[in-house]
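A.B. asks: Please read through the structure below; I'll follow up with questions.
The values are calculated or read from the model by the stated rules, or taken from the named source; none is laboratory data. Note that the structure is a prediction, hence the values are computed from the model and not measured. As a convention, Cβ positions derive from the backbone with ideal geometry for all residues, glycine included, and neighbour counts pool all protein chains shown.
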Amino acid sequence: MNQDLVEAVKAYATCDHEQVVELLHGKSKGTVVSILIDLLTEYFNDKNSSTLREFVVVSLSGFAPSKRKIGYNGYRQDSISGSVQYCEAKPKNIDTNRASAKLDGGGNFTDYSWDRFERDKRENPTMVIGGFIDGRLVYIFRFAFCSVDFLKRLERQLQVRFPDGDRKNEYLRSASFGLKDYQNTDGLECNVFVDGITLEKYKKYMTKGVYATLEPYV
């Protein structure tokens with residue numbers, strides 16, 4: 001993904017429409033064509049429709065997006081120690097034209113297992129939870145995977161599905177979590193990308209808990 005496209009994608013998710021138009025008008029025709037071709041290539045060659053949303057929340061959280069299909073969504077390396085910190089992105093988008101669910105600060109792990117759970121505990125990735133409405137980024141929550149309440153939530157679901165441990169070729173199809181499972185975590189970080197007026201407009205598309213958590217940040 002070239003840097004002009006990176007700039008445009010971030011602007012689309014975090015800026016007003018007029019600012020995005022101004023940004024693109026400031027580019028040469030050749031650059032705009034290049035942005036469009038790169039965007040179409042990125043989108044049409046990826047079956048995961050959340051690719052761009054993952055890219056936005058990962059990069060805005062200070063991680064380099066990973067191109068691997070399997071594994072964590074992003075990483076960053078300490079220049080001195082060489083140690084690598086991973087992140088796991090869980091962006092959710094609400095289409096207001098077909099809205100039935102609301103942004104609840106939640107997400108899920110698909111095809112989960114005790115083995116993967118233990119690996120995640122060892123790596124302790126930063127969880128990056130993004131909330132979008134009609135493609136506009138509203139918030140990002142960040143916290144450590146090994147947060148106590150969060151671990152308990154996943155453990156309970158795994159225990160119900162696999163009380164005696166993993167079974168070959170079987171998985172917990174969806175290990176879900178919500179804001180309540182990490183909102184009291186020490187070190188929880190929250191970034192809000194809309195102003196107070198816009199947040200109020202979006203209020204009906206999010207749970208009361210999410211709105212109450214975001215409101216002090218605008």
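A.B. asks: When only residues in segment 81-98 that are farther than 30 Å from residue 162 by Cα and surrounded by 13 or more Cβ atoms within 10 Å (Cβ to Cβ) count, which is farthest from the chain's Cα centre (by Cα)?
C.D. replies: Of everything passing the filter in segment 81-98, 95 is farthest from the chain's Cα centre (by Cα).
A.B. asks: Now for a different question. Farther than 23 Å from residue 215 by Cα and part of a loop (DSSP other than H, G, I, E, B), is that true of residue 119?
C.D. replies: no
A.B. asks: Restricting attention to segment 124-145, which residues are surrounded by 15 or more Cβ atoms within 10 Å (Cβ to Cβ) and either within 28 Å of residue 83 (Cβ to Cβ) or of a type in the set (S, T, N, Q) (or both)?
C.D. replies: 125, 126, 127, 128, 129, 130, 140, 141, 142, 143, 144, 145
A.B. asks: Related question: Working only within segment 99-114, note down all residues that are out of contact with any Lys or Arg (no Cβ under 7 Å at 6 or more places or on another chain) and either surrounded by fewer than 11 Cβ atoms within 10 Å (Cβ to Cβ) or without any contact (Cβ under 8 Å) to a residue 40 or more places away in the chain (or both).
C.D. replies: Selection gives 100, 101.
A.B. asks: Report the residue count in segment 160-183 for those that are free of Cβ contacts under 8 Å to residues at least 24 places away in the same chain and surrounded by 12 or more Cβ atoms within 10 Å (Cβ to Cβ).
C.D. replies: Qualifying residue count, segment 160-183: 1.
A.B. asks: Among the listed residues 167, 136, 156, 116, which satisfies the condition of being farther than 23 Å from residue 94 by Cα and within 22 Å of the chain's Cα centre (by Cα)?
C.D. replies: 116
A.B. asks: Right, next: Quick one: count up the residues across segment 46-71 that are part of a loop (DSSP other than H, G, I, E, B) and modelled with pLDDT of 95 or more.
C.D. replies: 3
A.B. asks: Residue 186 is checked against (1) at pLDDT 95 or above; (2) over 19 Å from residue 91 (Cβ atoms); (3) surrounded by fewer than 19 Cβ atoms within 10 Å (Cβ to Cβ) and fails just one. What number does that condition carry?
C.D. replies: Against the list (1) at pLDDT 95 or above; (2) over 19 Å from residue 91 (Cβ atoms); (3) surrounded by fewer than 19 Cβ atoms within 10 Å (Cβ to Cβ), residue 186 comes up short only on (1).
This table checks each residue for (1) at pLDDT below 95; (2) over 30 Å from residue 77 (Cβ atoms); (3) not in a strand (DSSP E or B).
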site	(1), (2), (3)
115	no, no, yes
128	no, no, no
137	yes, no, no
141	no, no, no
146	no, no, yes
150	no, no, yes
158	no, yes, yes
198	no, yes, yes
211	no, yes, yes
